[in-house]
1. Report the label-to-label distance for residue 162 and residue 112 in nanometres (one decimal), using points 7 Å from each Cα along the Cα→Cβ vector.
2. For a protection proxy built on the mean count of beta-carbon atoms within 10 angstrom, sort 105-114, 121-130, 51-60 highest first, please.
3. Have a look at the DSSP beta bridges in region 90-213 and tell me what percent are antiparallel, nearest 5.
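Derivation of every value follows stated rules applied to the coordinates shown; laboratory data play no part. Remember, it's a predicted structure, so these values are computed and weren't measured experimentally. Here Cβ is always computed from backbone atoms with ideal geometry, including for glycine, and neighbour counts include all displayed protein chains.
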């Protein structure tokens, strides 16, 4: 089971790693479509219980990974129709907070057409936590997605927010929770995403340079 989920660590002092992070560990930023196909069974096999959408999965996984109880604070939007599964609904956005851990469910900027993408998630999370030029951001993601998500993070948080950006890929073989094996099609799709993201980042960098003179 693999989602477009980005766990993010932020530290104003430029220190990374746990427990060196002094500001906060900002859990996961993601969208929340319904589970489909073999995903509900995969969630059960991972010890996460009977779940219906990706928001429930990431909450259960976060609580399992960090040994957490119920969140101290929870805010959720009204459910919205799932565009991929007619007749079903999922949370458009949500925010869950524990001491030093937060989970942010980001809405799509085009909710009638697609789920939230990486840029949607990063912008929404940045607004929620108030990111600015004084912050450094470390993105932790599945190794396969590192190149694409690193470029998107530079574009959205580096250029738009003037944050320092670092990325690290997590090996699915040694990850805490099991994941599905990747096929050649998965690798080709990520190569395609990387190649499409590169000129977008380059154009954004040129525009930023022109604006700053």
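1. The modelled label-to-label distance comes out at 3.7 nm.
2. Values: 105-114: 16.6, 121-130: 19.6, 51-60: 21.7.
My ranking of the peptides, most packed first, is 51-60, 121-130, 105-114.
3. Numbers: 5 of 12 bridges.
Roughly 40 percent of the beta bridges in region 90-213 run antiparallel, per DSSP.
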